[in-house]
Each structure stands twice: as structure tokens, then as C-alpha cells.
Amino acid sequence: MWTADDIGDQRGRTALITGANTGLGFQTARMLHAAGADVVLACRDPQRAAAAVAAIEAGGPGGTVCTVALDLASLASVREAAEQVDGPLDLLVCNAGVMLAPPGRTEDGFELHMGINHLGHFALTGLLLDRLLAVAGSRVVVVASLGSWASRLDVARMNRDRGRSGLLAYGRSKLANLLFAQGLHHRLHAAGSGTSALAAHPGGARTDIVRYSPRLTRRAARPVQPGWRRALFQEPELAAWSVLRAATDPAARGGEFYGPGGRFGLTGPPVLTRATPQVYDGDLQDRLWAASEELTGVRYHLPARV
Ligand SMILES: NC(=O)c1ccc[n+]([C@@H]2O[C@H](COP(=O)([O-])OP(=O)(O)OC[C@H]3O[C@@H](n4cnc5c(N)ncnc54)[C@H](OP(=O)(O)O)[C@@H]3O)[C@@H](O)[C@H]2O)c1
């Protein structure tokens, strides 16, 4: 059973985590820092970012902690953030996300879920790629969701309005996360790179992700849990283990996908899992890749898959 005790010594490694001021991103950054990593919290709100830095530093000794301003709903902000990152990068965790966000568009006109959850991370990763490629054994970990399992992605219409509930738009964006992780894995492999791309999902985690959800879901995700709700959501600290395993387990390999091993994949320590067959559809990966490059204007200088 993999636990946080298996994270290993991270001293000398630099990790950038998006959306690290709260929830899974915060827990991931906190535990990496405690293991010795220098962590960069990439957050959209400076005050929340500063509070996260203070909380991490108050937690005990570790690596360094700093912040970079990043609003994934703005390609200009993504570019500025990437320019501010100094030196080589051992780990990039594409974690930030919104679920059931109200109908809306990013600064560049992308549907909010697709824009923030996928396209912003696609652009950020492409802009930071040289810093990752500079480190043998570096990793990109994309945080996905069980919410993608029933989803379909029509790439030609990937930026259509979110629809009535927002759940389909969230699912499409999380499916895009998984397709991106696979597409990146194949391209890095084709390039013979020492950098790898993996994905992880947290199962159900009690975080602010439910901020736009109906009251019943928000109640079910509240911290103190009676009975059946404990089977659906776990504490963010435990839920972050999947991400941490993908990020640090020496045995983990590019293209892999980690998630909780308990009932329905919602809770429990992380295990190697598999996404739905469409995630491994190379043609779909390539179409999403081409559309993402076109929409963001960020080109990856990597060979296509082998
Ligand atoms: N919780 C779950 O049960 C669950 C299940 C499956 C997958 N996930 C995935 O896990 C990841 C983390 O979610 P979480 O549960 O930790 O949710 P969370 O507590 O709501 O944290 C989300 C983070 O993303 C940030 N963010 C949102 N929009 C952003 C933007 N435009 N630019 C930069 N940062 C932005 C938030 O910043 P602010 O605080 O400033 O809003 C926050 O730091 C997401 O990718 C989510 O899809 C979560």
C-alpha cells in the first residue's frame, strides 16, 4: 500500500503546482515541501497564495516556498507566469480546476471549464517544457477526474457553451486532461526524452471544488461526515496521495494513471488504474493536440507519436 511515507526525499527538486492555495493543490505542495522540495505555488489570488505560503512554512521545515501569479483563464497571464519561472523544473502538477462554473468564457473566449482546466494547462506546460526537458527524470502530472468516464469529446465543438448543468462541460474538460497527458507522454517518448507525463485522479475529495455545486453535493462534501458520505469523499490530504504517487514514485512510468484503490475508486490509497478506452485513442489525442495548439498559439517542438 502506497502512503505519504513513500514520497521519499525531494530535496533539490523544484515543483510547480497550479491552484496550490487550497484543496488538493495545497496538500500536494505541502507534502512535497515537507519532503524537502522547493515548491512554487501558481495561484490566481495573491492573498490566498500568501496565506498558503504561511500555512506551509508554519507546518515545519522543508524546501523553499514561493508564488507565481497565474490565472489560467487568461493566456496573457499564463505567458507571464511561465516567464517568471526561473531555472529547471523537476515537476509540474497541472492541478487547478473549476467544476460546474457558471456559463462564461475566459479572456480568450474559451468556455470556462475547457479554458481553465485544459487549454490553460496545455499552454502553461508547452511554455515550461524547456525547463522540464532540462531535467532528466522530470515529470508532468495532470490531475483528472472520475467525472470524465462517461464523457465524450467532439474536438470540433470543444469550445461550445457549457450547457445547462455544467457537468458535461466539466467532464469534457477532464477527458481533455487525460487525452493531453497521453498525447504528451507519446510525444515525449518519441523524442526519447527523460521527461514523462502521467495522470492522477483523487476520487472524491472534500474541497472547495463543490463551490458551484447544488446544496446536496456541498453538504455531502462537508468536513464532518456521517455514515455513507464517508464512502464518497475523503480528506484532501489523503486524496492528494494519487497525485503525489504519480509525481514521486520511482516506479511510476510515463502514460500511467493513478487513483484511489478503494470502493468505486473514490477513496483509499493510490493504485495504478486505467482510464476509459477513448483516452488511449491516438487519433482523438492528436486531434485534440492540434486544436489545442491552434487555439492557444502554443506549439510544442516535439515529434508526433511513434
Ligand atoms: N475534489 C474532488 O472530489 C475532485 C474530484 C476529481 C477531480 N478533482 C480535480 O482536482 C483538482 C483540484 O481540485 P480541488 O478539489 O482541490 O478544488 P479546489 O479546492 O476548488 O481548488 C481548485 C484550485 O484551482 C484554482 N483555480 C480555479 N480557477 C483558476 C484559474 N482560472 N487560474 C488559476 N487557478 C485557478 C483555485 O483557485 P481559487 O482558490 O483562487 O479559486 C484553487 O486553488 C481539479 O483539477 C479538479 O478537477 C477534484
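For the reader, a short list of remarks on this structure follows.
- Calculated P(r) tail over 18 Å for segment 59-213, as whole % of Cα pairs: 60 percent
- Per residue, the convex hull spanned by the Cα atoms of segment 52-128 measures out at 106 cubic angstrom.
- When only alpha carbons are used to place a centre, segment 54-109 and segment 259-287 end up 24 Å from one another.
- Distance in nm between pseudo-label sites at Arg160 and His301 (7 Å out along the Cβ direction from Cα): 3.8 nm
- Stretch gain in nm, segment Ala50-Asp283, where the contour uses 0.36 nm per residue and the Cα spacing is subtracted: 79.6 nm
- 1.4 Å probe accessible area per residue over the chain, in Å²: 43 Å²
- Modelled spin labels at Asp5 and Ala150, positioned 7 Å past Cα toward Cβ, are 3.9 nm from each other.
- Taking all protein chains as they are arranged and a probe of 1.4 Å, the heavy atoms of Tyr300 leave approximately 20 Å² accessible to solvent.
- Listed peptides 94-101, 232-239 by packing density, highest first (mean Cβ within 10 Å): 94-101, 232-239
- A simple spin-label model places pseudo-atoms 7 Å from Cα toward Cβ; at Asp130 and Ala251 they are separated by 3.8 nm.
- Once backbone amide H atoms are built at 1.01 Å from N, Tyr258 has Ala199, Ala200, His201, Thr273 as its partners under 5 Å, excluding neighbours fewer than 5 places away on the same chain.
- Build a GNM of the chain with springs between Cα atoms under 10 Å apart, and of Gly62, Gly204, Gly137 the one that fluctuates most is Gly137.
- Rg of the Cα atoms in the chain, relative to 2.2 N^0.38 Å, amounts to 0.91.
- Among the trypsin sites (Lys or Arg not before Pro) in segment 1-62, those placed in a DSSP loop whose Cβ has at most 15 other Cβ atoms within 10 Å are Arg11.
- Per-residue ellipticity at 222 nm from helix content only, as computed over the chain with -39500 (n - 2.57) for each DSSP H run of at least four residues, stands at -10500 deg cm²/dmol.
- For segment 1-53 and segment 159-182, distance of Cα centres in Å: 26 Å
The values are calculated or read from the model by the stated rules, or taken from the named source; none is laboratory data. Note that the structure is a prediction, hence the values are computed from the model and not measured. With ideal geometry, Cβ positions are generated from the backbone for all residues, glycine too; neighbour counts draw on all protein chains shown. Surface areas here come from the heavy atoms of the whole protein model, side chains and all, with no ligands, DNA or RNA. Shrake-Rupley method; radii C 1.70, N 1.55, O 1.52, S 1.80 Å.
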